[in-house]
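Novice: Quick one: this structure, given as structure tokens, is what I'll be asking you about.
The values are calculated or read from the model by the stated rules, or taken from the named source; none is laboratory data. Worth saying up front: this structure is predicted, and the values here are computed from it rather than measured. All Cβ positions, glycine included, derive from the backbone under ideal geometry; neighbour counts span all protein chains shown.
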Amino acid sequence: MAEAPDSTTTRTLDPRPGDSPGRPPAPAAPRSPRGARRGFPSALARCGRVDALDGLRTLAVALVLVYHVEPDLLPGGSVAVDLFFTISGFVITRLLLAEYVRTGRIALFPFFRRRWLRLVPALLAVCAVCAVLDATTSLWAFDGALRAAGLAAVFAVNLVRASEPGPYSDLTAPLAHTWSLGVEEQFYLVWPLLLFTLLRLLRARTVLMCTAVLCALPVLWRCALWAPDAAHRVYNGTDTRADQLLAGALVAVLLARLRADDPRLARLRVWTGRLAWPLLGSLLLVAWQVPVTRHTGWWTPLWYTAGLLAMAALSATLLTDLELRPRARLSRLLSLPVLAWPGRNLSYGLYLWHYPAVRLLASLGMKEGRPAATVVLTGVLALLSYWLIESPVQRALRRRTLRADRAS
């Protein structure tokens with residue numbers, strides 16, 4: 001989770017009606033005949049990076065970090081994972097649609113290669129460090145880390161956690177947090193092929209309707225599965241969390257379908273603008289007050305069934321506003337470099353390293369100043385991961401892609 005999109009293009013959008021009072025509307029983007037033929041006239045115009053989404057990533061990873069360091073302070077901080085899922089579904093689907101409009105196909109092998117190079121090198125570094133600590137120290141937090149590293153490396157942690165009806169075992173510690181990467185990677189194995197099939201067989205409008213229907217299916221499946229001992233199955237299953245990724249995919253398909261001068265886009269911009277701040281406040285309120293991963297009577301089954309879909313809808317509406325209103329106050333706030341740069345470059349590393357850092361300091365017996373020490377240690381490790389692993393790999397990938405484009 002929290003990974004940056006494949007595209008490294010930085011996009012500067014013109015102000016649109018409703019973004020800034022007193023400014024004239026920007027001219028409509030030129031229409032792509034090929035895009036129009038395939039039913040997604042805005043797909044190519046909406047495939048770059050949105051700085052505000054990077055800032056939202058920073059906010060989300062901060063919530064997760066605090067949740068794991070001080071769970072009593074943010075008992076619902078795990079809702080940030082829901083937000084990550086929706087952002088990932090949106091970004092990936094937007095890139096896939098742009099590729100389809102440009103080329104008429106989706107190249108699955110290059111897609112999987114890019115995902116592998118984006119996620120796996122840094123993940124393997126975390127796994128290696130945990131395994132070494134298991135083999136060379138007596139720190140209790142890393143007992144069995146070699147086995148956990150093997151599960152994390154093949155994105156199987158969520159499958160193990162989903163199969164445990166009672167309290168979580170130590171089988172996946174200290175890499176239990178990589179369950180969300182398993183959900184995302186398993187989704188990525190299925191969704192590009194399914195989307196390409198829908199695009200080839202159906203009209204664009206029908207693809208949009210099918211994506212909306214797919215969003216509703218996981219909540220029905222969760223209701224059918226729900227039982228007090230099925231909480232882990234529901235929480236960790238890719239099939240039971242797919243609606244949160246598909247909600248982002250639905251936004252990507254919808255926005256690609258609407259031309260810049262479509263009146264429905266203007267109405268969507270107005271409504272998401274009205275809802276954005278209340279929804280962000282609701283997200284933070286849930287993180288602050290709602291113990292979503294604890295058994296709390298009637299609230300637990302409600303959250304594990306309909307609540308997850310509600311969070312997907314909240315996240316989808318929020319990112320729609322950030323996409324459509326780049327000059328709005330919330331977008332400008334989240335686009336500040338102090339938020340956007342870490343979200344773009346460090347959010348994945350912060351997520352990968354924060355949980356081992358939490359366990360390392362706890363096993364060393366640190367009590368005073370542990371939250372601050374965890375933040376500092378996590379930040380240092382994430383920076384090292386970015387400078388030594390992630391950035392060099394991505395530069396090599398871009399050079400290879402550029403050479404391939406020139407050769408063709």
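Novice: How about the range 193-218: which of its residues are crowded, with 18+ Cβ neighbours inside 10 Å and more than 20 Å from R257 (Cβ to Cβ)?
Specialist: P218
Novice: Something else now. Going by what's in this entry, would A152 be described as more than 24 Å from the chain's Cα centre (by Cα) and crowded, with 17+ Cβ neighbours inside 10 Å?
Specialist: It is false that A152 is more than 24 Å from the chain's Cα centre (by Cα) and crowded, with 17+ Cβ neighbours inside 10 Å.
Novice: Being of a type outside the set (D, E) and under 22 Å from T206 (Cβ atoms) narrows it down to one residue among V101, V61, V69, V50; which is it?
Specialist: Working: V61 fails: under 22 Å from T206 (Cβ atoms); V69 fails: under 22 Å from T206 (Cβ atoms); V50 fails: under 22 Å from T206 (Cβ atoms).
None of the other options fit; the residue is V101.
Novice: Another question about this same structure. Would you be able to say whether some residue in the range 131-146 is within 18 Å of the chain's Cα centre (by Cα) and of a type outside the set (V, I, T)? It would help to see each step written out before you state the result.
Specialist: Initial filter on the range 131-146 (within 18 Å of the chain's Cα centre (by Cα)): none.
Taking every residue of the range 131-146 in turn, none turns out to be within 18 Å of the chain's Cα centre (by Cα) and of a type outside the set (V, I, T).
Residue-by-condition table, conditions (1) surrounded by 15 or more Cβ atoms within 10 Å (Cβ to Cβ); (2) of a type outside the set (F, W, Y); (3) outside any helix (DSSP H, G or I); (4) touching a residue at least 24 places away in the same chain (Cβ under 8 Å):
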residue	(1), (2), (3), (4)
W221	yes, no, no, no
A224	no, yes, no, no
Y235	yes, no, no, yes
Q244	yes, yes, no, yes
A260	yes, yes, yes, yes
W277	no, no, no, yes
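Novice: Looking at Y351, Y386, Y304, which is the one that is closer than 30 Å to G166 by Cβ, among the aromatic types (F, W, Y) and modelled with pLDDT of 95 or more?
Specialist: Checking each option against the conditions leaves just Y351.
Novice: Being crowded, with 19+ Cβ neighbours inside 10 Å, modelled with pLDDT under 95, of a type in the set (A, V, I, L, M, F, W, C) and assigned to a loop (DSSP other than H, G, I, E, B) narrows it down to one residue among A141, A173; which is it?
Specialist: Details: A141 fails: assigned to a loop (DSSP other than H, G, I, E, B).
Among A141, A173, only A173 is crowded, with 19+ Cβ neighbours inside 10 Å, modelled with pLDDT under 95, of a type in the set (A, V, I, L, M, F, W, C) and assigned to a loop (DSSP other than H, G, I, E, B).
Novice: I've got another one for you. In contact (Cβ under 8 Å) with a residue 12 or more places away in the chain, buried (at least 20 other Cβ atoms within 10 Å of the Cβ) and part of a helix (DSSP H, G or I): does that describe G273?
Specialist: So G273 fails the test.
Novice: Scan (1) assigned to a helix (DSSP H, G or I); (2) closer than 25 Å to L63 by Cβ; (3) of a type outside the set (K, R); (4) in contact with a helix residue (DSSP H, G or I) (Cβ under 9 Å, 6 or more places away or on another chain) for the single condition A396 breaks and write down its number.
Specialist: Here A396 meets the rest and fails (2).
Novice: Please state which of the following conditions L330 fails to meet, knowing it meets all the rest: (1) aliphatic (A, V, I, L, M); (2) crowded, with 20+ Cβ neighbours inside 10 Å; (3) over 30 Å from W140 (Cα atoms); (4) under 20 Å from the mean Cα position of the chain (by Cα).
Specialist: The single condition L330 does not satisfy is (2).
Novice: Testing A231 on (1) touching a His at 6+ places or on another chain (Cβ under 8 Å); (2) free of Cβ contacts under 8 Å to residues at least 12 places away in the same chain, one condition comes back false. Which one is that?
Specialist: It is condition (2) that A231 fails.
Novice: Still on this structure, I have one more. Here are some conditions: (1) assigned to a helix (DSSP H, G or I); (2) modelled with pLDDT under 95; (3) small (G, A, S). G379 meets all but one. Which one does it not meet?
Specialist: Result: G379 passes all but (2).
Novice: Looking at V91, is it in a helix (DSSP H, G or I) and either in contact with a Leu (Cβ under 6 Å, 6 or more places away or on another chain) or more than 21 Å from L250 (Cβ to Cβ) (or both)? If you could, list the steps in order and put the result at the bottom.
Specialist: Numbers: in a helix (DSSP H, G or I): yes; either in contact with a Leu (Cβ under 6 Å, 6 or more places away or on another chain) or more than 21 Å from L250 (Cβ to Cβ) (or both): no.
Criteria not met by V91.
Novice: Same structure, new question: Of these, V358, V338, V380, V376, which one is of a type in the set (A, V, I, L, M, F, W, C), out of contact with any Cys (no Cβ under 9 Å at 6 or more places or on another chain), under 29 Å from Q244 (Cα atoms) and without any contact (Cβ under 8 Å) to a residue 24 or more places away in the chain?
Specialist: V338
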